[in-house]
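Student: Take a look at this one; I'll ask things after.
Any read-out appearing in this document is the output of simple, stated calculations on the displayed coordinates, not a laboratory observation. Just so we're clear, the structure is a prediction, and the values are computed from it rather than from any experiment. Here the Cβ positions follow ideal geometry from the backbone for every residue, glycine too, while neighbour counts run over all protein chains shown.
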Amino acid sequence: MATLTRDVLNRLIDSQQYPCVSIYMPVSPAFPGEIENGPRFENLLRKAERELKVGYRTVQINELVARCREIVGEREFWCTGWRGWACFARRTWP
């Protein structure tokens, strides 16, 4: 995973397309908290989906969050010892 640097943030801002989603969450690095990270992230994705329903079609929303959702059940991903996690998703359609 990439470290969040000023350069990374600048590239995200410069390439911003709507809709986009940014999720920031603390991560519990040790048991039992580590098993709660994926479900907590899933809940934040659902919240983002609800908020996007105001202005976007379901197919667009699903495409936007599909790649993010791939990591929800990946236990190894959540057992890295990180203290926090940031996820950035943007549209890929024209």
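Student: How many of the residues making up segment 61-84 are within 13 Å of the chain's Cα centre (by Cα), closer than 16 Å to M25 by Cα and part of a loop (DSSP other than H, G, I, E, B)?
Tutor: Number of matching residues: 2.
Student: A further question on this structure: Residues in segment 56-73 that are polar (S, T, N, Q) and under 11 Å from P19 (Cα atoms): how many? First the steps, then the outcome.
Tutor: Step one: filter segment 56-73 for residues polar (S, T, N, Q), giving 58, 60, 62.
Keeping just the survivors that are under 11 Å from P19 (Cα atoms) gives 60.
Matching residues across segment 56-73 total 1.
Student: Which condition number in (1) surrounded by fewer than 16 Cβ atoms within 10 Å (Cβ to Cβ); (2) of a type outside the set (F, W, Y); (3) closer than 15 Å to R90 by Cβ is the one that G73 fails?
Tutor: So G73 meets the others, but not (3).
Student: Okay, next question. Which condition number does G55 fail, the rest of (1) closer than 16 Å to R91 by Cα; (2) surrounded by 13 or more Cβ atoms within 10 Å (Cβ to Cβ); (3) more than 14 Å from the chain's Cα centre (by Cα) being met?
Tutor: So G55 meets the others, but not (2).
Student: Could you list, in sequence order, all residues of segment 10-38 that are of a type outside the set (D, E, K, R), surrounded by 12 or more Cβ atoms within 10 Å (Cβ to Cβ), free of Cβ contacts under 8 Å to residues at least 60 places away in the same chain and not in a loop (DSSP other than H, G, I, E, B)?
Tutor: Listed by number, the residues that qualify are P26, I35, N37, G38.
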